[in-house]
Amino acid sequence: MKLNDLTSRAGEWLRGNGPMSEVVISSRIRLARNVAGHNFLSRCSRAQRNSLETKIRTALLAETDQFAKGLFYVDLADAPEIDRQLLVERHLISKPHATAEGARGVAVGEEESVSVMVNEEDHLRIQVLKSGLQLEEAWEQINQIDDVLESQLDFAFHPRFGYLTACPTNVGTGIRVSVMLHLPALKLTGEIEKVFRAAKDMKLAVRGLYGEGTEATGDFYQISNQTTLGKVEEDIIQDFKHVVIPKIIDYEHHARRTLLNERLTALDDKVHRAYGVLRAARMITSEEVLLMLSHLRMGVNLGRLQGIEIRTINEMLLMSQPAHLQKLMGKKLEGDARRAARADFIRKKLGVA
């Protein structure tokens, strides 16, 4: 398996067949870990970073059969910018990891449900990503990976504070639970503030499609915990599965019923106008595509648009992003050329010549 193989398909988390997938795009659990006896990266010299990267990469590749089929490693220090951006668009690395300097990399499993960032903010950022609401399944898998890696690497751990991390908010379990939600009806009915208020009350972070530092585009939001100290992993996951996410899903379902029962014409206009734009546009930006496909996704889920699968919409969301589009076309594209190629790609996916 190679990096270029990723452009031919969407990962497991974008297949749209997980529980509650009409609202929940994906579930992610991430663990922050550092190797004992080594400085945090902000205090590492170039030589120390190189040594850490080699040590962790060796451990990862030695245990591939234990936790991820077809695991391959990308050396980000040597990877072209477009490849690093591709990994960001697929949610396999963070934006800071892509743009950083020095020895660093990422190990990616064949189904893209597993990725391990090396030398990001912490020495390791272990991630498991699942389609729909599958937090317990993601936890079971990442817990196994953590155990395997801890048998190879001595992680920095304090008997009172737990796992030691570069950012104080990660100290303790080192866990980040994150769920990506599609909330178009709440946005259309002007009730999205309910989510922000509920998140604030429960001390949660609400971010955009690509996590920290990004705006919500196309009605896609990431909800995640902000603190990890003082709670065990299972309690955090149970809170998300049984309290946090069900409450937000209920808000969205209520808003969708309101649109169907009280604003059906406005709903249909929004959905079919988006469909018409995507089928006819000759140039289109990635931001416009996200918004239009968000409306299509809602239309399909509410039975107002036939003949399109959610999986196809999810693939268009991903493949129309800048790095993916340029990889598919096999050349660098900018400005109008990129917008024209994107529009052509979308039309073909929708069966328009």
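Read-outs throughout are calculated quantities, based only on the coordinates presented, and are distinct from any laboratory measurement. Being a predicted model, the structure only gives us computed values, none of them experimental. Cβ atoms come from the backbone with ideal geometry, glycine included; neighbour counts cover every protein chain shown.
Worth pointing out:
- Computed E for ASP269/ALA47 - FRET, C-beta separation, R0 51 angstrom, nearest 0.05: 0.25
- The modelled label-to-label distance between GLU140 and THR169, using points 7 Å beyond Cα along the C-beta direction, is 3.1 nm.
- Derived scalar couplings ³J(HN,Hα) [the stretch 329-334; Karplus, 6.51 cos²θ - 1.76 cosθ + 1.60; whole Hz; x for Gly, Pro]: 7, x, 7, 6, 10, 9
- Charge dipole of the chain about the Cα centre (unit charges at C-beta), most positive-ward option of THR189, ILE284, ILE29: ILE284
- The chain: calculated mean residue ellipticity at 222 nm from DSSP helix runs of at least 4, using -39500 (n - 2.57): -13500 deg cm²/dmol
- At an R0 of 35 angstrom, the distance between the Cβ atoms of GLU287 and THR54 translates into a FRET efficiency of 0.30.
- On full extension, the segment bounded by PHE157 and ASP250 gains 29.6 nm, given 0.36 nm per residue less the C-alpha separation.
- Partner aspartates and glutamates for LYS270 [C-alpha distance under 14 Å; skip if fewer than 8 residues away on the same chain]: ASP219, GLU288
- Calculated FRET efficiency for the pair ASN261/GLU81, C-beta based, R₀ 45 Å, to 0.05: 0.40
- Tilt relative to the chain, helix 46-62 - C-alpha long axis, 0 to 90 degrees, to 10: 80
- The modelled label-to-label distance for the pair TYR73/ALA340, using points 7 Å beyond Cα in the direction of Cβ, is 4.3 nm.
- Angle between the chain longest axis and helix 286-301 axis [Cα atoms, degrees, rounded to 10]: 70
- Long-range HN-HN contacts of VAL35 with modeled amide H, under 5 Å: HIS123, ALA156
- Estimated vicinal HN-Hα couplings, Hz - the stretch 265-271 in sequence order (Karplus 6.51, -1.76, 1.60; Gly, Pro = x): 5, 5, 4, 4, 4, 4, 5
- Projected label distance in nm at LYS2 and LEU61, using a 7 Å step from Cα toward the beta-carbon: 1.6
- The stretch 1-39 residues near the modelled GLU309 label - backbone nitrogen below 11 Å, point 7 Å along Cα→Cβ: 15-17
- Each Lys and Arg contributes +1 and each Asp and Glu -1, all at the Cβ; summed about the Cα centre of the chain, the dipole is approximately 1040 debye.
- Computed over the chain: relative contact order in percent, which uses C-alpha pairs under 8 Å that are six or more apart: 20
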